[in-house]
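Trainee: Got a structure here, written out as structure tokens. Questions coming.
No value in this document is a laboratory result; all are computed from the given coordinates. These numbers were taken from a predicted model, which means no experiment stands behind them. Cβ placement follows ideal geometry from the backbone for every residue including glycine, while neighbour counts extend to all protein chains displayed.
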Amino acid sequence: MYCVSCRNIHMFFPPFSHLTIVSLLFRCPWTVMANFKGHALPGSFFLIVGLWWSVKYPLKYFHRKGKSSQLTHYYQRLEITEAAIRTLFSVIGVLAEQFVPDGPHLHLSQESHWVKLMNWQHSTMYLFFAASGVADMLTYLSAHTPVGLDRLVMAVAVFNEGFLFYYHVHNRPPLDQHIHSLLLYAVFGGALSIALEVILRDNIVLELFRTSLAILQGTWFWQIGFVLFPPFGGPEWDQSDHNNIMFITMCFSWHYLAALCTVAISYSLVHCFLTRVKRHGEREIIGIQKLKSDHTYQTALLGGSDED
């Protein structure tokens with residue numbers, strides 16, 4: 001079935017009601033895929049960032065704990081690179097939302113009607129995250145940037161995400177509203193955690209908490225896409241069934257437990273890796289010192305034999 005406008009449907013099928021028209025539009029393959037991709041794209045963004053943070057922050061913590069100051073410059077370059085990549089991802093998100101075949105193409109209104117406001121909301125979310133990436137780069141590139149500005153702008157970006165989503169699901173079926181509202185717990189929790197990092201900078205507990213919520217957002221965006229817009233033609237969920245709402249609530253808890261386990265496993269693997277590297281380095285140092293002492297001893301013996 002092809003995508004058709006409401007006017008064309010009324011032209012060819014006058015007896016159809018508005019409810020039938022809506023059901024036809026939601027059966028349009030491209031509409032379904034566009035909505036699924038609209039959730040999969042930010043889900044992938046948050047998941048990649050969260051998994052990266054689950055490695056980066058334990059690395060920084062263990063190096064700070066070991067008082068390893070020689071890696072400070074390396075980590076600064078790493079932060080700049082990460083910020084640049086996050087900014088690039090955000091710009092790609094804006095362009096993807098605007099210039100997909102059925103996107104608004106930067107048209108906010110047309111013929112006294114709003115154009116694709118859902119895409120515009122997603123674009124606004126990505127725009128704030130792009131600003132956060134720029135603030136991160138300025139923090140490490142300019143000595144005049146106030147300390148904590150990067151965390152403040154990131155907190156504002158995450159809060160803006162929650163603010164947009166709060167008004168994103170009004171007048172929708174119960175399951176649709178509920179599955180989106182659950183996301184707000186992760187979003188506003190992340191915003192609060194990042195805001196605390198403005199004051200408590202380099203706090204590993206807050207950093208790992210933020211990481212777990214980023215992973216949760218990533219997996220939950222994908223879950224929303226699969227529930228509301230099944231991409232492979234699976235059966236649609238009954239959006240008014242209370243049992244589905246109960247299951248989705250329980251599923252959200254499972255997602256967060258999986259996110260916590262991911263962070264814990266990553267933390268443990270980083271610790272084991274650094275411990276092994278440290279032991280290997282200590283063995284090499286001991287071996288070199290032993291070789292030097294043996295060489296010194298042999299030199300002393302040769303010197304003594306020459307005197308005899």
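Trainee: For segment 56-147, what is the relative contact order in percent, using Cα pairs closer than 8 Å and at least 6 residues apart in sequence?
Mentor: Computed value for segment 56-147: 32 percent relative contact order.
Trainee: With the Cα gyration tensor of segment 198-271 giving a ≥ b ≥ c as the square roots of its eigenvalues, does the rule (a/c under 1.5 for rounded; else a/b larger than b/c for prolate; else oblate) give rounded, prolate or oblate?
Mentor: prolate
Trainee: For segment 37-299, just the Cα atoms, rotate onto the principal axes and tell me the three extents in Å, largest first.
Mentor: Answer, in whole Å and largest first: 92, 45, 35 Å.
Trainee: Mean separation of Cα pairs under 8 Å and 6+ residues apart, divided by the residue count of segment 37-299: what relative contact order is that in percent?
Mentor: 25
Trainee: Each residue of segment 53-61 in order: what ³J(HN,Hα) in whole Hz does its phi give by Karplus 6.51 cos²θ - 1.76 cosθ + 1.60, θ = phi - 60°, with x for Gly and Pro?
Mentor: 4, 5, 9, 5, 5, x, 4, 5, 5
Trainee: Around V198, under 15 Å between beta carbons, what's the net of Lys plus Arg minus Asp minus Glu among the other residues?
Mentor: Overall, the nearby charge balance is -2.
Trainee: Sorted by packing (mean other beta-carbon atoms within 10 Å per residue), highest first, where do 245-258, 117-130 land?
Mentor: The most tightly packed comes first, giving 117-130, 245-258.
Trainee: Could you derive backbone 3J(HN,Hα) for segment 194-200 from the dihedral phi with the Karplus parameters 6.51, -1.76 and 1.60 (θ = phi - 60°), listing whole Hz in sequence and x where the residue is Gly or Pro?
Mentor: Values, residue by residue: 5, 4, 5, 5, 4, 8, 9 Hz.
Trainee: Still on this structure: Just to confirm my numbers, what's the Cα centroid distance between segment 215-231 and segment 131-158 in Å?
Mentor: That distance is 29 Å.
Trainee: Here's another thing I want to ask about it. Which of the peptides 163-174, 94-105 is most tightly packed, and how do the rest follow, judged by the mean count of other Cβ atoms within 10 Å per residue?
Mentor: Averaged packing, sorted descending, gives the order 94-105, 163-174.
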